[in-house]
Amino acid sequence: MKRPVVFSLLREQSVFMTAIMALLTFLSVIALGVAIAIGTGVARWNTQWDLMATVQVMPGQNGASAQKIIDSNKDKIASVKKVSADEMTELMRPWISGGGATMKNYLPEMYEIKLNQKSDMKFFADQFAGNARFLPHAAALGAATGAGWRMVAIASLILVLTLGAIGVCISFIARNTAQLHRRELEILNQVGARDSFVAHQMQIIVGKISIVAAAAGFVAAMPVLMLILSAARHARVGLMAMMGLSAGAWFALFLMPIAISIFAIFITKRTTLKILKNS
């Protein structure tokens with residue numbers, strides 16, 4: 001025979017808890033999704049540029065020596081492209097005033113090379129020392145990578161704070177409910193009900209509310225997260241264009257509301273038992 005719930009939350013408490021749990025689940029899913037998406041973008045960004053480097057032969061330096069180094073080490077180079085003067089002029093036009101002829105006097109000869117192995121970066125850096133500037137793309141774009149990791153850290157902090165807020169809200173609801181139903185708790189103690197039985201009643205109530213609220217928060221978060229990813233892909237600029245979520249990431253997001261519901265039930269049991277022990 002199914003045992004009935006001895007007491008329940010007031011209507012105002014139920015509405016408040018459902019609303020706050022849905023909102024916090026929404027924020028948790030968004031924070032986790034953004035953290036994973038940016039982390040994926042940083043990883044893809046680093047993978048893309050780890051083998052790329054630029055060689056700049058400044059005016060006055062020996063361009064023939066740089067070309068000789070490239071030609072003699074082609075077994076270590078996957079591809080090489082010399083950027084033409086016209087291409088460099090077009091790239092630098094917004095930042096340098098004057099005609100094209102004037103700019104050509106200041107622009108270096110530039111090669112974009114892709115190596116076969118990342119370990120060859122130091123070899124080429126040593127070879128070009130004194131002959132040209134050797135700029136690994138990963139190092140040059142380190143600021144963007146660092147900014148990406150900081151954004152991941154911020155999103156992770158928001159996720160931790162949100163989960164903390166869930167724990168605080170549930171603890172408050174459990175304590176408030178125990179105060180409102182003090183007489184029922186005293187009667188249960190008198191008839192010999194164990195604390196675990198009372199805690200189980202609270203877990204049933206909170207569990208039902210948490211499941212409904214978590215599902216609502218998850219459903220509301222999905223369109224927003226898709227909008228963020230769509231905006232990043234359409235930007236087609238730098239790190240943002242690399243953002244994305246794998247199948248495993250989507251599965252982790254799906255597990256988030258389930259984990260929040262389990263966390264809420266655990267906090268309810270722990271708080272209720274602590275209240276009963278101290279009463």
The condition of being touching a Leu at 6+ places or on another chain (Cβ under 7 Å), part of a helix (DSSP H, G or I), at pLDDT below 90 and under 25 Å from Ile262 (Cβ atoms) holds, among Ile209, Ile205, Ile170, only for Ile205
What about Phe172, is it farther than 30 Å from Ser210 by Cα and aromatic (Phe, Trp, Tyr)?
no
Please state which one of Gly217, Gly244 is surrounded by fewer than 19 Cβ atoms within 10 Å (Cβ to Cβ), modelled with pLDDT of 80 or more and under 30 Å from Thr40 (Cα atoms).
Gly244
Does Leu180 qualify as being at pLDDT below 75 and surrounded by fewer than 15 Cβ atoms within 10 Å (Cβ to Cβ)?
yes
Among the residues of region 4-19, is any modelled with pLDDT of 85 or more and either hydrophobic (A, V, I, L, M, F, W, C) or in contact with a strand residue (DSSP E or B) (Cβ under 8 Å, 6 or more places away or on another chain) (or both)?
yes
Whether any residue in region 220-241 is at pLDDT 85 or above and crowded, with 18+ Cβ neighbours inside 10 Å is what I want to check.
yes
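The values are calculated or read from the model by the stated rules, or taken from the named source; none is laboratory data. Only a predicted model underlies this, so the values are computations on that prediction, with no experimental measurement involved. Note that we place each Cβ from the backbone using ideal geometry, even for glycine, and neighbour counts take in every protein chain shown.
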